[in-house]
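Comments concern the structure below.
The values are calculated or read from the model by the stated rules, or taken from the named source; none is laboratory data. Treat the numbers as computed from the prediction; the structure is a model and nothing was measured. Glycine also receives a Cβ, built like all others from the backbone with ideal geometry; neighbour counts cover every protein chain displayed. Please note that ligands, DNA and RNA were not included when accessible areas were found on the heavy atoms of the full protein model with its side chains. Shrake-Rupley method; radii C 1.70, N 1.55, O 1.52, S 1.80 Å.
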Amino acid sequence: MSATAETLAISTETREFLSRTHKLFINGQWVDATSGETLGIIDPATEAQISEIQLASTDDVDKAVIAAQAAFKGEWSKINSHQRTKLMLKLADLIDENIQTLAELEVLDNGLPMMLAEYTISGYASDFIRYYAGWCTKIHGDTIPVSPAGVANGESLTYTRREPVGVVGAIIPWNAPIAMLALKLAPALATGCTMVIKPAEITPLTALKVMELVKEAGIPDGVVNLVPGYGEVAGAAISSHPDIKKVSFTGSTAVGQKIVEAALGNLKKVSLELGGKSPVVVFPDADIEAVTMGAIRAAFFLQGQNCMAGTRLFVHQDIFDQVIQNVAGVASQMKIGPGLDPSSQLGPLISADQRSRVMSYVQAGKDEGAELICGGNQLDRKGFFMEPTLFTHAHQDVKIAREEIFGPVLFAQPFGDSDLETIAAEANKSIYGLSGSVWTKDIAVGLKMASLIDSGQVSVNCHAAVDPAIPFGGNKMSGWGREFGQEGLEPYLKTKATTVLFSQPPF
Ligand code: NAI
Ligand code: MG
């Protein structure tokens, strides 16, 4: 009998955490939502309800914004950058110390395999916060040589200061909850902003646990507020709020467009990290072993529920059959099961809805005449499991090659001998431009192709390299702006220019 999540042990602490009905975290306190509404949290591996949350209303978002504004003008503004660094490092350490509970909660909430949950916590979330903790003391303006109104050189001083924008809203998706939380939290804290955060309503658990750690780390009340709730209610209240100065969103392109509309009211800054349909381009000299495992990871990491996923695989015709056979061989052997079972390589999809969406793409692929090489079925057991799936077709004229599926479905297509511009044009035939990879031993081909692919990020001989210092974000309909790295601080800052004249101007 295969293991089910009920038969797999979780810690007493995790069990106790799950048994609560979770409140909202506003001004450093756990408070009841005014809506009176609750939502059951489902383990996607068992379909069982594992916990319950209260849902924030528009009024609750208002309260959170008032708390964030008071903290921004009050205590947080008096804390210097060295102290902010220390508080952030403390938070990062607490996240690492609580890895067991956080990882169990993430697996039960999202479905991903335990090893990946641990990686998104300790290899990613806490390191992300540490990386930005280092920036607190390195954010500064310039002095600029100028001659305003004809004043002689040296007779004036103009300098700029980089100031935090104020209260920031963060709207977070369900596909990598704690990682997404950290990547919004870290630059906001580093720049001295305060926050109102809305996790995805279906995956709020690690965010709720992190709020306990925010408090324990000594981050002042009101600096970080959490309002779990529906997108159309709490998310919309954040994106239209007149006192929120910036919204950072990761999620679907359709909701990204709604956020831009909602932001018009007070012209808040918006950064958007949206969908993708990224190309993986394989030249005939590439290392086939590396390509096989690289293509599997690119397509099926987080069950393919990943904006950077490499979901369009272009392989030179000389090695196409070999690569397809290898990828199908590995994919069909992947162990599918609950994330708590250490042998699982692929967990369930996030929800029944998401799986039906993905299965409708599988049907569309068949209907439009693409060839199904492996997978294509949902599993006949509890949990939203489905097989990793590979289709091939000669052209990208099918829906599965154009639209973001957000599930374990890979589309592959051969290409012949042609110039790099022609190959790149095929790879760029997408409304998206988030990630991409090129596989070859010829460094000139690799670098030239990388320059031709119209994406915010391109990797050579790996797919979607991630590090807090590597800027990340999309071209075309994949988004606005960049997160990560020094550039990731920009949306949280505004520049003030100050000029002093030492003598009066001649006219
Ligand atoms: P979604 O874009 O609706 O959800 C992401 C976040 O936006 C959630 O926190 C949600 O509550 C919030 N939201 C929803 N409607 C909102 C609104 N009107 N105003 C403000 N916030 C709102 O994504 P969904 O519906 O869960 O998934 C649908 C598709 O979106 C997926 O199949 C995938 O293609 C894409 N997606 C992409 C993600 C990425 O990382 N780029 C993450 C999640 C989904
Ligand atoms: Mg939605």
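Okay, residues lined up against (1) over 17 Å from the mean Cα position of the chain (by Cα); (2) within 16 Å of ligand 2 (Cβ to nearest atom); (3) at pLDDT below 95:
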position	(1), (2), (3)
Glu201	no, yes, no
Lys215	yes, no, no
Gly229	yes, yes, no
Glu232	yes, yes, no
Gly235	no, yes, no
Lys245	yes, no, no
Ser248	no, no, no
Ala254	no, yes, no
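Among Ile202, Ile244, which is the only one that is more than 7 Å from ligand 1 (Cβ to nearest atom), open to solvent by less than 10 Å² (accessible area, probe 1.4 Å) and either under 22 Å from Ile66 (Cβ atoms) or assigned by TED's automatic domain parsing to the domain that holds Leu181 (or both)?
Ile244
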Scanning the range 263-274 residue by residue, the ones that are more than 7 Å from ligand 1 (Cβ to nearest atom) and outside any strand (DSSP E or B) total 6
Against the definition (within 11 Å of ligand 1 (Cβ to nearest atom), closer than 28 Å to Met359 by Cβ, in contact (Cβ under 8 Å) with a residue 12 or more places away in the chain and open to solvent by 10 Å² or more (accessible area, probe 1.4 Å)), how does Val255 come out, yes or no?
yes
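Take the residues in the range 232-241 that are buried (at least 19 other Cβ atoms within 10 Å of the Cβ) and outside any loop (DSSP other than H, G, I, E, B); name whichever of them is nearest to ligand 1 (Cβ to nearest atom).
For the range 232-241, the residue satisfying everything is Gly235.
Return the only residue of Ala56, Ala33, Ala67 being surrounded by 14 or more Cβ atoms within 10 Å (Cβ to Cβ), assigned by TED's automatic domain parsing to the domain that holds Arg162 and more than 15 Å from Glu201 (Cα to Cα).
Values: Ala56 fails: more than 15 Å from Glu201 (Cα to Cα); Ala33 fails: more than 15 Å from Glu201 (Cα to Cα).
Exactly one residue qualifies, and that residue is Ala67.
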Yes/no for Thr422 being surrounded by fewer than 24 Cβ atoms within 10 Å (Cβ to Cβ) and in contact with an Asp or Glu (Cβ under 7 Å, 6 or more places away or on another chain):
no
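Please find, among Phe283, Phe300, the residue that is at pLDDT 95 or above, surrounded by 24 or more Cβ atoms within 10 Å (Cβ to Cβ), more than 25 Å from Ile238 (Cα to Cα) and aromatic (Phe, Trp, Tyr). Please lay out each step first, then the result.
Numbers: Phe283 fails: surrounded by 24 or more Cβ atoms within 10 Å (Cβ to Cβ).
Every option except Phe300 fails the conditions.
Which of the residues belonging to the range 258-267 are within 16 Å of ligand 2 (Cβ to nearest atom) and either open to solvent by 60 Å² or more (accessible area, probe 1.4 Å) or in contact with a strand residue (DSSP E or B) (Cβ under 8 Å, 6 or more places away or on another chain) (or both)? Spell out how you get there, then give the answer.
Start the filter on the range 258-267 by keeping residues that are within 16 Å of ligand 2 (Cβ to nearest atom), which leaves 258-262.
If the condition is that a residue be within 16 Å of ligand 2 (Cβ to nearest atom) and either open to solvent by 60 Å² or more (accessible area, probe 1.4 Å) or in contact with a strand residue (DSSP E or B) (Cβ under 8 Å, 6 or more places away or on another chain) (or both), then Lys258, Ile259, Val260, Glu261 are the ones that fit.
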Kindly state which strands (runs of 3 or more DSSP E) lie completely within the range 1-115 and contain at least 1 residues that are under 29 Å from Arg130 (Cα atoms).
24-26, 29-31
